[in-house]
1. Exactly one condition in (1) within 16 Å of residue 301 (Cα to Cα); (2) within 15 Å of the ligand (Cβ to nearest atom); (3) surrounded by fewer than 19 Cβ atoms within 10 Å (Cβ to Cβ) is not met by residue 69; state its number.
2. With 34, 4, 71, 97 as the choices, which residue is under 25 Å from the mean Cα position of the chain (by Cα) and closer than 19 Å to residue 309 by Cβ?
3. Return the residues of region 115-127 that are surrounded by 13 or more Cβ atoms within 10 Å (Cβ to Cβ) and more than 16 Å from the ligand (Cβ to nearest atom); say none if nothing qualifies.
4. Only residues that are assigned to a strand (DSSP E or B) and closer than 14 Å to residue 195 by Cβ: list them for region 131-153, please.
5. Across region 72-94, which residue is nearest to the ligand (Cβ to nearest atom) among those that are closer than 19 Å to residue 29 by Cα and surrounded by fewer than 20 Cβ atoms within 10 Å (Cβ to Cβ)?
6. Go through region 52-66 residue by residue and tally those that are within 9 Å of the ligand (Cβ to nearest atom) and surrounded by fewer than 22 Cβ atoms within 10 Å (Cβ to Cβ).
7. Does residue 2 satisfy the criteria of being crowded, with 18+ Cβ neighbours inside 10 Å and either closer than 21 Å to residue 312 by Cα or within 12 Å of the ligand (Cβ to nearest atom) (or both)?
8. Can you name the residue in region 6-49 that is away from the ligand (no atom under 11 Å from the Cβ) and touching a residue at least 60 places away in the same chain (Cβ under 8 Å) and is also farthest from residue 122 (Cα to Cα) among such residues?
Ligand SMILES: NC(=O)c1ccc[n+]([C@@H]2O[C@H](COP(=O)([O-])OP(=O)(O)OC[C@H]3O[C@@H](n4cnc5c(N)ncnc54)[C@H](O)[C@@H]3O)[C@@H](O)[C@H]2O)c1
């Protein structure tokens with residue numbers, strides 16, 4: 001039985017708890033949360049021990065096998081460093097890895113120096129719909145064009161669970177940026193997982209006048225393989241269009257489209273948590289019509305946590321998991337995309353130090 005300590009009990013831990021309730025060989029043994037009511041309720045669910053401050057949990061719970069860092073973005077770096085210095089060997093850290101590539105580079109160094117098993121929690125890699133795209137992409141022939149898009153209708157303050165403590169999501173210094181960091185980071189990880197490394201970025205950004213966070217982004221990315229990728233991301237505050245307004249049903253509208261010399265693939269994901277059915281459409285040369293696959297994509301949480309439990313058992317990062325270097329690269333690419341956006345879409349060739 002793998003015993004876990006969870007740092008945080010906010011929006012994302014609900015998804016972790018959903019998964020952990022369905023995994024037999026894992027036990028939530030301790031939870032830390034500044035929100036005492038949420039923390040104690042979660043502890044009751046699992047028979048876990050409650051701590052208010054995560055540092056106290058790290059000090060007192062030495063027998064845990066793994067730590068899940070589900071703290072606000074600006075606390076990831078220190079939370080991971082504290083967990084490593086407290087002697088923990090297995091860490092799952094929520095995305096984005098850190099709020100700057102400088103911080104994530106330091107974490108890469110520390111993880112390497114101490115030989116830690118470190119997984120970055122980009123769960124879309126574990127989503128059956130996106131995995132289908134990755135699997136079928138090999139059969140597409142010469143790749144012509146790939147598009148990744150996410151449009152989210154919810155204004156960000158509304159998606160923070162921490163109302164009484166103040167929202168960190170809507171403060172760029174604490175969240176590390178706007179929509180690109182919040183949601184685009186997922187697509188950058190997924191893009192690299194499905195289609196290899198990104199060679200260069202050219203990007204246009206729109207910023208919110210009030211707080212300077214990016215909320216709309218239109219990017220051309222060139223892959224090292226030569227594939228061109230069009231990425232469009234936006235937090236669009238459209239209200240009162242009624243239930244028939246399909247694009248923002250559930251507040252989330254995400255798709256990936258792939259056009260190759262032998263066919264067409266598309267995946268549509270209507271909710272980030274994955275509580276709705278997700279569809280993949282395949283239409284290949286020689287088929288008389290499209291074939292569709294449906295997936296329960298909340299499996300993404302179960303698959304991600306199962307992979308982490310296995311990684312805790314073996315002490316090694318399993319095939320297909322996002323590593324600390326993957327987390328670093330996403331943070332680095334985001335910074336370069338912003339840099340390009342600030343130079344009117346100038347193409348920037350990426351040079352990865354890690
Ligand atoms: N993978 C995804 O799709 C996804 C979705 C949502 C959030 N996230 C990520 O998960 C992380 C948490 O986001 P959230 O939306 O759950 O935030 P949240 O504000 O709802 O929760 C943060 C939690 O951290 C706790 N916390 C803060 N300081 C603490 C301390 N010193 N000691 C103990 N606990 C402390 C808070 O009490 C709270 O329970 C973020 O990094 C976010 O980017 C990922």
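The values are calculated or read from the model by the stated rules, or taken from the named source; none is laboratory data. Keep in mind the model is a prediction, meaning the values are calculated, not measured. Every residue, glycine as well, gets a Cβ built from its backbone with ideal geometry; the counts of neighbours run over all protein chains shown.
1. (3)
2. Going through 34, 4, 71, 97 in turn, just one is under 25 Å from the mean Cα position of the chain (by Cα) and closer than 19 Å to residue 309 by Cβ: 4.
3. 116, 117
4. 143, 144, 145, 146, 147, 148
5. Checking each candidate, the answer is 82.
6. The qualifying residues number 4.
7. yes
8. 25
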